[in-house]
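The values are calculated or read from the model by the stated rules, or taken from the named source; none is laboratory data. Given the structure is predicted, the values throughout are model-derived calculations rather than measurements. Here Cβ is always computed from backbone atoms with ideal geometry, including for glycine, and neighbour counts include all displayed protein chains.
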Amino acid sequence: MISNCPLMEELILMDCHDLTHIKVSAPDLPLKSLIVELCWDANEIEIFALNLRSLRFSGDFIPMYFENISSLVDVLLRGICSHDHDLGKDCITVLHHLEHVKILTLFSGSLEYVGLVEEYTPEDLPITFHNLLELQLLMECYHRRSFLACIYSFFKNCPCPCLMKLFIEFLPIDDPSQSDYQFEELLAEDTPDIVFDNLKVIKMNDFTGLKDEMQLVKFFLENAIGLEYLVLVAPHKAVCDIAKDSALECKSDFASTRFLHKNPLMLSESADTPLDLLCERLFILVKASSSETQILICDYSDYNGLLVPTHNGLLIPIHT
């Protein structure tokens, strides 16, 4: 089919049942975009496409074989989570082939595989993304107690020396065990020493102020030495309303607007609103790290597309 379509620039394979082997061999064709989503019967993919610039894959993680993909610029890799060491090695092989891309979106399963390989076959690491400018991490299937370890492990084993923009999407989930913690203890906890020389902007969606999320903020404030903006977006569905007059006034190159934070978990007798407490704690973190970062806190409905990742709006639900 592909060889008989000499002008085809985009190929989308979606929900293709009984398609077990996907081979895209188009070295001389102008194929620029390949999308493979929810092809559950597929057990391997081969891609040989000299002009391919964009690749999106969603479904069960399966072995992928690449040849001559030097033109590839942006990749979205969404594999279903599985604690399978062999799949972990397959994932690492794929990531090695993608070391040259500039834009990358990974789901939590890929991060877990990096951790598995670090534990069992560390000789397969590191993976250095030499050209990566934008990274999006979608924590779709993880436990609140382990996502920090996954993120730390990824950045430890997958250096991104040129990274400028980082987007992290949390899975909206309540974890009451983290809602009541001593903030002073968090300040005293150590974070990995991983330097981000060029990281300028971080945006975290569905940020609720839980301990591990605040620890992640601390990690970036300490290690992203040139970080300019940290944008924290509250979950879409919030329980606690905050009056408009308690909004945080923020001005930046991106916007001049009023940002709200609605957070049912961060309640304190000494704080007038959850927003006040979160701002207070974030201010302490910034002061402790001597960071010049500007922190923008906004409600989901108010961020107006502020700092949109390249792969924004391209994701469809996966049901297994």
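Details
- Selection count, segment 162-184, where residues are closer than 15 Å to residue 206 by Cα, among the acidic types (Asp, Glu) and at pLDDT below 75: 2
- When residue 216 is tested against (1) modelled with pLDDT under 75; (2) surrounded by 14 or more Cβ atoms within 10 Å (Cβ to Cβ); (3) not aromatic (Phe, Trp, Tyr), exactly one condition is not met: (1).
- Scan of segment 7-45 for residues that are over 20 Å from residue 67 (Cβ atoms) and more than 30 Å from the chain's Cα centre (by Cα), ordered by number: 7, 18
- Residue match in segment 302-310 (condition: crowded, with 17+ Cβ neighbours inside 10 Å, under 19 Å from the mean Cα position of the chain (by Cα) and modelled with pLDDT under 75): yes
- Looking across 269, 249, 228, one residue alone is at pLDDT 50 or above and among the acidic types (Asp, Glu). It is 228.
- Looking at 67, 37, just one residue is touching a Ser or Thr at 6+ places or on another chain (Cβ under 8 Å) and over 18 Å from residue 8 (Cα atoms), and that residue is 37.
- Residues in segment 69-91 that are modelled with pLDDT of 90 or more and either over 19 Å from the mean Cα position of the chain (by Cα) or not in a loop (DSSP other than H, G, I, E, B) (or both): 8 in all.
- Contact map, segment 204-217: first residue over 11 Å from residue 147 (Cα atoms), second residue in a helix (DSSP H, G or I) and among the aromatic types (Phe, Trp, Tyr), Cβ cut-off under 9 Å, separation 6 or more or different chains; pairs are 205/300; 206/300; 211/183; 214/183.
- Test result for residue 107, among the aromatic types (Phe, Trp, Tyr) and closer than 30 Å to residue 308 by Cα: yes
- Residues that are in contact (Cβ under 8 Å) with a residue 60 or more places away in the chain number at least 3 in the following strands (runs of 3 or more DSSP E) confined to segment 93-174: 134-138.
- Take the conditions (1) modelled with pLDDT of 90 or more; (2) within 28 Å of residue 140 (Cα to Cα); (3) surrounded by 15 or more Cβ atoms within 10 Å (Cβ to Cβ); residue 59 misses just one of them, which is (1).
- Those residues of segment 25-53 which are in a loop (DSSP other than H, G, I, E, B) and farther than 19 Å from residue 102 by Cα, in sequence order: 26, 27, 28, 29, 30, 38, 39, 40, 41, 42, 43
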